Amino acid sequence: MAGLTSAAFLAKSGHSVLLLEKHEKVGGCVNSFQRDGYVFEGGIRAVENSGVLLPMLRQLDIEMELVKNDVSIGLGNEVITLRSIDSLADYQSLLAKSFPGDAGDIATIFSAIRKISGYMDVLYGIDNPLFLDMKKDRKYLVKVLLPWLFKYLMTIRKIERLKEPVRDYLDRISDNESLVDVIAQHFFRDTPAFFALGYLKIYLDYYYPRGGVQTLPDRLMNRISDLGGEARVKTEVKAVDPQLRQVSDQEGNTYAYKKLVWAADLKTLYRVLDVDSIEDRQTRANIIAKRKAMADKKGGESVFTLYLCVDLDREYFADIATEHLFYTPYSRGLLAAHRIETTSKEETAGSLKEYFRYNTYEIACPVLRDPDLAPAGKTGLIVSTLFDYAVAREIFDKGWYEKFKLLGENTIVDVLNETIYPGIKDRIVGQFSSTPLTLLREHGNSEGAITGWAFTNKEIPVETRLPRIANSVRTPVPDVFQAGQWVFSPAGLPVSILTGKLAADAVTRDL
């Protein structure tokens, strides 16, 4: 999405643009695919606006139908839907029912969530000014943007004090490990408290492109073509020569550039750079230092995803939850000390079963947003759970990979059948799954990561301060810019779009 955003705005500015994409279609982790008449998402399940997506579409004159994506949260037999910020009271009650002895701690936690949600209101309360033409709308500048900027600067200072990992933050409030788990296991390890607890507010800002999330990158690509830009798919960049200002693909074809925007995995960029060709000694040293700084850094957690083709009408699922459900089957939670053991096949199998059984699932039902995304009377489900790349890699290296995938699929099906979707097991007509290794293969993301760098890194090798996000697109390589989920942390769709636009603006200024 960062590359598409950069390409679109550069083409709109009148530049000659070539976009190179290693996959057979554009979009990266924003993609949909079809299997036996069912449309599934291969990456993100919905898109959030965050004051970025909708203004970007407007500025590029892209029209597409976005339907509101309602989010539900479930625990055991209870499911609530987040309709507004007032729905936090419903979530609080849901937890209080499962943990009646911890009502005081839960109240304290939700007091913090409401405060952080207020901070999110400030951060994303207006359309991002990067996508506005201030010369044409001076009234907006004076009446909206300047007052917001003052509140924004005050809020950023408060957020800076909430950077500790969410589990550590919650542990200081409650000593009930299961309660802390049920809240914290929705998020990546060591996710900052402000980001995790503020995400309940972001759920209210979710949308779904009619026809599947692939519609979004496809519309962007169409706009790039309309503006005279060009794209070449199935074209993987294998070398970058910054001295000659050219890149080479897997077929040996070379492409000259004046400016290059790299919107893929950063480790890959520094691996394919021909550093020896750089004549300037200081520039060469800076690039080598940057490469070294990120060499041992890990990508963020990834996901195990189960895809189900079900012989049940969409109404069966609509009666239980909305189109997007975050569901924890059992109030025990994973327990903080739980780790997947891989010392033997038997221990691994038992550990994996427990992990899949007590984890939190993200369940998406595309046909509830668009009836055309499954055969008549049938439903496709996407069920994901966070999963560590290193574990998947070790299992693969030991030769247990296919059995591991099947164990994960069947365990999740059994849990769904005995909890939220009784009877579903007998109505499944097709199932398959993807793992962190799949995401690595398809998209080239280090460790199959879905949000850039892991929070567990002692140092993040990119910019993490929101007020300085404009700096995130610069690299030590002359005429090479960077954009996307790898150049700022924490990162997702809005950051990819935002940094794509920042990179385009930087290129335009330089040219």
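The values are calculated or read from the model by the stated rules, or taken from the named source; none is laboratory data. Keep in mind that this is a model prediction, so the values were computed, not measured. Neighbour counts run over all protein chains shown; Cβ positions are idealised from the backbone, glycine included.
Results, tabulated for the structure shown:
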{"read-out": "Total residues in segment 115-147, condition at pLDDT 85 or above, farther than 23 Å from R468 by Cβ and either in the same structural domain as T499 (by TED's automatic domain parsing) or of a type in the set (S, T, Y) (or both)", "value": "1"}
{"read-out": "Meets criteria (of a type in the set (F, W, Y), farther than 19 Å from L498 by Cα and either touching a Gly at 6+ places or on another chain (Cβ under 9 Å) or not assigned by TED's automatic domain parsing to the domain that holds R232 (or both)) for F9", "value": "no"}
{"read-out": "Matching strands (runs of 3 or more DSSP E) fully within segment 1-93 where at least 3 residues are modelled with pLDDT of 95 or more and surrounded by 22 or more Cβ atoms within 10 Å (Cβ to Cβ)", "value": "38-41, 71-75"}
{"read-out": "Count - residues of segment 13-51 that are over 15 Å from the mean Cα position of the chain (by Cα) and of a type in the set (A, V, I, L, M, F, W, C)", "value": "8"}
{"read-out": "Identity of the residue in segment 311-366, aliphatic (A, V, I, L, M) and at pLDDT below 95, that ends up farthest from the chain's Cα centre (by Cα)", "value": "A349"}
{"read-out": "Members of segment 435-461 found to be surrounded by fewer than 21 Cβ atoms within 10 Å (Cβ to Cβ) and either among the aliphatic types (A, V, I, L, M) or modelled with pLDDT of 95 or more (or both), listed by number", "value": "L437, T438, L440, I460"}
{"read-out": "Which listed residue, of K234, K238, K267, is among the charged types (D, E, K, R), touching a residue at least 12 places away in the same chain (Cβ under 8 Å), out of contact with any Phe, Trp or Tyr (no Cβ under 6 Å at 6 or more places or on another chain) and part of a loop (DSSP other than H, G, I, E, B)", "value": "K234"}
{"read-out": "Filter result (under 24 Å from the mean Cα position of the chain (by Cα), small (G, A, S) and in a helix (DSSP H, G or I)) within segment 467-511", "value": "A470, S472, S496, G500, A503, A504"}
{"read-out": "S111, sole failed condition from (1) closer than 15 Å to L200 by Cα; (2) touching a helix residue (DSSP H, G or I) at 6+ places or on another chain (Cβ under 9 Å)", "value": "(2)"}
{"read-out": "Flag if D102 is touching a helix residue (DSSP H, G or I) at 6+ places or on another chain (Cβ under 6 Å), among the acidic types (D, E), modelled with pLDDT of 95 or more and over 27 Å from W262 (Cβ atoms)", "value": "yes"}
{"read-out": "Residues (more than 22 Å from G430 (Cα to Cα) and in contact (Cβ under 8 Å) with a residue 40 or more places away in the chain) located in segment 367-398", "value": "L386, F387, D388, Y389, A390, V391, A392, R393, E394, I395, F396, K398"}
{"read-out": "Evaluation of A491 against (1) surrounded by fewer than 22 Cβ atoms within 10 Å (Cβ to Cβ); (2) touching a Gly at 6+ places or on another chain (Cβ under 6 Å) (one fails), failing number", "value": "(1)"}
{"read-out": "Matching residues in segment 273-310 - criterion: being part of a helix (DSSP H, G or I) and under 25 Å from the mean Cα position of the chain (by Cα)", "value": "K290, R291, A293, M294, A295"}
{"read-out": "Conditions (1) among the hydrophobic types (A, V, I, L, M, F, W, C); (2) within 28 Å of N359 (Cβ to Cβ); (3) touching a residue at least 60 places away in the same chain (Cβ under 8 Å); number of the one not met by L54", "value": "(2)"}
{"read-out": "Helices (runs of 4 or more DSSP H) contained in segment 106-211 and holding at least 2 residues of a type in the set (S, T, Y) and touching a residue at least 40 places away in the same chain (Cβ under 8 Å)", "value": "none"}
{"read-out": "Complete set of residues in segment 341-366 that are without any contact (Cβ under 8 Å) to a residue 60 or more places away in the chain and either outside the structural domain of I395 (by TED's automatic domain parsing) or in contact with a strand residue (DSSP E or B) (Cβ under 9 Å, 6 or more places away or on another chain) (or both)", "value": "Y355, F356, Y358, Y361, I363, C365"}
{"read-out": "Filtered residue count, segment 203-240, keeping only those that are closer than 14 Å to N31 by Cα and of a type in the set (S, T, Y)", "value": "2"}
{"read-out": "Residues that are under 24 Å from T322 (Cβ atoms) and assigned to a helix (DSSP H, G or I), drawn from segment 358-390", "value": "Y358, P366, V367, L368, P371, D372, L373"}
{"read-out": "Residue in segment 470-492 that is basic (K, R), closer than 24 Å to V122 by Cβ and not assigned by TED's automatic domain parsing to the domain that holds L153 present", "value": "no"}
